[in-house]
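Inspection log for the structure reproduced underneath, given as structure tokens.
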Amino acid sequence: MATGLLLFGVSFGYVEAAVVVYLRAIYEPVRLLVNPNQTTGDLFPLITREQLRVAAPGRVRLVGAEIAREAATLFMLAGVALATAGSRKLWLPAFALAFGTWDLFYYVFLKVLVGWPTSLLTWDVLFLIPVPWAAPVLAPVIVSVTIIVTGLVALCRSVRMTGWRWIALSLGGFLIVLSFVWDFPNIIVGGLPHRFAWAIFASGEFLGVSAFLHAVRRRVRGTAVSD
């Protein structure tokens, strides 16, 4: 199961990178028209809907198409995880493995195809649903590596997440997402990103990983006692 999910995640990561290359080719002339002094490869400031409407009115509808594509991508990852997991119990770790591999190799292939990002601290737009998510590339890479490892562990051994562990894991996820959308009121109107909320991000990572490791340790101890 894990091998199939890894292969899917790697190949789907290439598909995602190729789509983004096409999207950048479509929007690059508009971006240079709106922000002629912007350095090639810099995504910020984002083009606002009003600027897009004035500079290229025919491409405004593509924003809605891109948001729908993002939603379809998530449904596809969820569907593949459900089809391969065989049970609802293993669906979440299967989804984590597929999602993390897809996201990580998206950056790998984007680097191969167009030489971007220039560094792990380069800012990226992660999602547009329901508002723009933005962060240095290092942040989603950390999340991807984390969920790949935890997903593999959960698929290879039984991990029982109950009670406060689910609460801590959910709170950790919430904090990570919060760090990504923290600056969206500024970004959505065409502003440059402010300092990333690393403290909020790190708190989310710590809570989630701690809850998972605690569940793994309790399971190992329980198995040792039963033996």
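The values are calculated or read from the model by the stated rules, or taken from the named source; none is laboratory data. Please read these numbers as outputs of a predicted model, since none were measured by experiment. Using ideal geometry, Cβ is built from the backbone for each residue, glycine included, and neighbour counts are taken over all protein chains shown. The area values use the complete protein model at the heavy-atom level, side chains included, leaving out ligands, DNA and RNA. Shrake-Rupley method; radii C 1.70, N 1.55, O 1.52, S 1.80 Å.
Contact annotation: residue pairs with Cβ atoms under 8 Å, 6 or more positions apart or on different chains, pairing a residue in segment 175-204 that is closer than 15 Å to Leu46 by Cα with a partner that is open to solvent by 40 Å² or more (accessible area, probe 1.4 Å) and part of a helix (DSSP H, G or I), are Gly190/Gln51. Is it the case that segment 55-73 has a residue that's closer than 14 Å to Trp116 by Cβ, open to solvent by 40 Å² or more (accessible area, probe 1.4 Å) and small (Gly, Ala, Ser)? Checked against the condition, which is being closer than 14 Å to Trp116 by Cβ, open to solvent by 40 Å² or more (accessible area, probe 1.4 Å) and small (Gly, Ala, Ser), segment 55-73 yields no hits at all. When Val143, Val153, Val149, Val189 are checked against the criterion of being at negative phi, assigned to a loop (DSSP other than H, G, I, E, B) and among the aliphatic types (A, V, I, L, M), Val189 stands alone in meeting it.
Reported count of residues in segment 75-94, each being free of Cβ contacts under 8 Å to residues at least 24 places away in the same chain and either in a helix (DSSP H, G or I) or hydrophobic (A, V, I, L, M, F, W, C) (or both), is 8. For Val34, the test of being open to solvent by less than 40 Å² (accessible area, probe 1.4 Å) and within 17 Å of Ile188 (Cβ to Cβ) is passed. For Leu120, the conditions (1) open to solvent by 60 Å² or more (accessible area, probe 1.4 Å); (2) part of a helix (DSSP H, G or I); (3) of a type in the set (A, V, I, L, M, F, W, C) all hold with the exception of (2).
Consider Ser170 carefully, then state whether it is surrounded by fewer than 20 Cβ atoms within 10 Å (Cβ to Cβ) and closer than 10 Å to Ala211 by Cβ. Yes, satisfied. For segment 33-53, state whether one or more residues are hydrophobic (A, V, I, L, M, F, W, C) and without any contact (Cβ under 8 Å) to a residue 12 or more places away in the chain. The answer is no, given that none of the residues of segment 33-53 is hydrophobic (A, V, I, L, M, F, W, C) and without any contact (Cβ under 8 Å) to a residue 12 or more places away in the chain. Scanning segment 123-166 for residues that are within 12 Å of the chain's Cα centre (by Cα) and of a type in the set (Gly, Ala, Ser) yields Ala134, Ala135, Ala139, Ser144.
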